[in-house]
Every structure is written in C-alpha cells, then in structure tokens.
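Asks: Structure incoming, see below.
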Amino acid sequence: MASRQLKCVAAVAALTLNGSVALASPPVNFSGEGLVKADLNQSVRINDERIKFQTKDPTDTYEVKLVWGANSSSGWHHHPGMVLVQVQSGLVDVTRVINGQCVTTQYGVGSPNGSTFTEGETEHVGTSAAGAVAYATAIVGNDDPARIEDDPPACATGPGIRMPKK
C-alpha cells in the first residue's frame, strides 16, 4: 500500500515538474510524465483567423504525457493558468464544477465532443473506465505551480459521476 501511495506522489510530482504537492484527492491508477518545462519570457498577443492567445507577463510552459489506467482518476485539481489536453487514445471523462454542480463530458478518440479539451481554474477531475493516453500543454504564470490539488467538491458523490474503484 505504501508503494502505491509513493507512486501517486511521484506521478503528481512529475506532472507539476516543480516540487512537492499536497494530495487532497490523490490520483488512482494515473501518472503524469513531465516531458518539457520551458520559459516564455515575453508577453504574447496573437489574434489571427478567429483564434486568440494572450499573455500579459512571462509564463512557464509544460508538456506532460498523461496516462490513465483502467478505472483511474487524476484526482480533483485545478490550474492557475490554462491547459490544452489532446487525447491520443482511449476516452477521458472530465467532470468540472459549474455553478456548484458536477458536469461530466467525455473526450477522446471517436467521441462526439472531440479529442481535445481545456482545463483551468475550475475544479475538475479526469477519469477513465478503460484507460487513456493524452498530452497536455500547460501555460501558467511565471513560477506558479502547474497543478493545485483540491478536495472533492460536495457534488462529487452525486449521480452521473463515475469515480474509480479502489
């Protein structure tokens, strides 16, 4: 059991690429492999062909490989910036807290919702019944953590939310 807890801590540390993290709702059968951490030292303002991207200050960027095993959970968390996640294989159910309610949307290969989703300051959890692999690009404020752990919200035990088996 201690080995499994140690693996969860190592996975989240790899996900953030920058130190220790308190685990309020630890991942289950989930790992993140930090591939790149880089600095974007100038502000950016792009508004081209109906796509906008803007930073006002220097930021840190991360590229992370995310792996959900069968019956897995990323743990409840949020990001102080934005994350763009591209699902390479499998399906990921993303549950977000919206107006105090848990709302789940499925993303992945063959999903009508597409295989890309975004994350940010809204509390959320990613789960997968059969497993999935995704790549995430995070853009956060300079020296901010890439991921902040959250306690499960009150709505997390309500209907329609598939929490992994332990």
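Asks: Beyond 27 Å, what percent of the Cα pairs of segment 2-157 remain? Before the final figure, lay out each step's value.
Replies: Values: 2540 of 12090 pairs.
Percent of Cα pairs beyond 27 Å in segment 2-157: 21.
Asks: Sort R147, R50, R96, R45 so that the residue with the fewest other Cβ atoms within 10 Å of its own Cβ comes first and the one with the most comes last. Display every interim value, and only then the final one.
Replies: On the way: R147 25, R50 5, R96 18, R45 9.
Ordered from fewest to most neighbouring Cβ atoms within 10 Å, R147, R50, R96, R45 come out as R50, R45, R96, R147.
Asks: A follow-up question, please. Taking neighbour Cβ counts within 10 Å as the exposure measure, how do C155, C102 sort from fewest upward?
Replies: Ascending Cβ contact count within 10 Å gives the list C155, C102.
Asks: If you don't mind, another one. Please arrange L66, L35, L91 by how many other C-beta atoms lie within 10 Å of their C-beta, fewest to most. Present the calculation step by step, with values, prior to reporting the outcome.
Replies: On the way: L66 24, L35 14, L91 20.
Ascending Cβ contact count within 10 Å gives the list L35, L91, L66.
Laboratory data are not the source of any read-out in this text; all were calculated from the coordinates shown. These numbers were taken from a predicted model, which means no experiment stands behind them. Don't worry about glycine lacking a Cβ; one is built from the backbone with ideal geometry, like all the others, and counts go over all protein chains shown.
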